[in-house]
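Following: one structure in structure tokens, then a few remarks.
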Amino acid sequence: MEYEEHLRQDTFPQLRKIAGFLGASILKRHLGNGVEFLVVTRWKSLESIARFAGADAEAAVVPANVQSMMIEYDSRVRHYEVVEGDG
């Protein structure tokens, strides 16, 4: 899919250059009118996220060329702290 390629070829390589970026996963599910994606990124700290997102770390960073690939997208993101994990 075009969006998956964009993430792999453009977004993730750029994120890897940012101090504090730990990794990312692409989750998807097929729906009647298209495909829903959930991109989960892992960061060392909120300060690391701000290096990517800017002062408003909860504003979704979705370039115009990517917006045109989507039916809709969330304009706000949510941040969670890992309480426990295996990786």
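Values in this text are rule-based calculations from the coordinates and carry no lab data. Since we're looking at a predicted model, the values are computed, not measured. Glycine gets a Cβ as well: all are built from the backbone with ideal geometry, and neighbour counts include every protein chain shown.
The table that follows gives values for the structure above.
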| read-out | value |
| --- | --- |
| Sole residue being of a type in the set (A, V, I, L, M, F, W, C), within 25 Å of GLY85 (Cα to Cα) and surrounded by 11 or more Cβ atoms within 10 Å (Cβ to Cβ), chosen from ALA19, ALA50 | ALA50 |
| Residues located in the range 68-84, provided they are surrounded by 11 or more Cβ atoms within 10 Å (Cβ to Cβ) and over 14 Å from VAL40 (Cα atoms) | MET69, MET70, TYR73 |
| Helices (runs of 4 or more DSSP H) wholly inside the range 6-76 containing at least 1 residues that are without any contact (Cβ under 8 Å) to a residue 12 or more places away in the chain and in contact with a Gly (Cβ under 8 Å, 6 or more places away or on another chain) | none |
| Matching residues in the range 31-53 - criterion: being over 25 Å from GLU5 (Cβ atoms) and of a type outside the set (A, V, I, L, M) | LYS44, SER45, GLU47, SER48 |
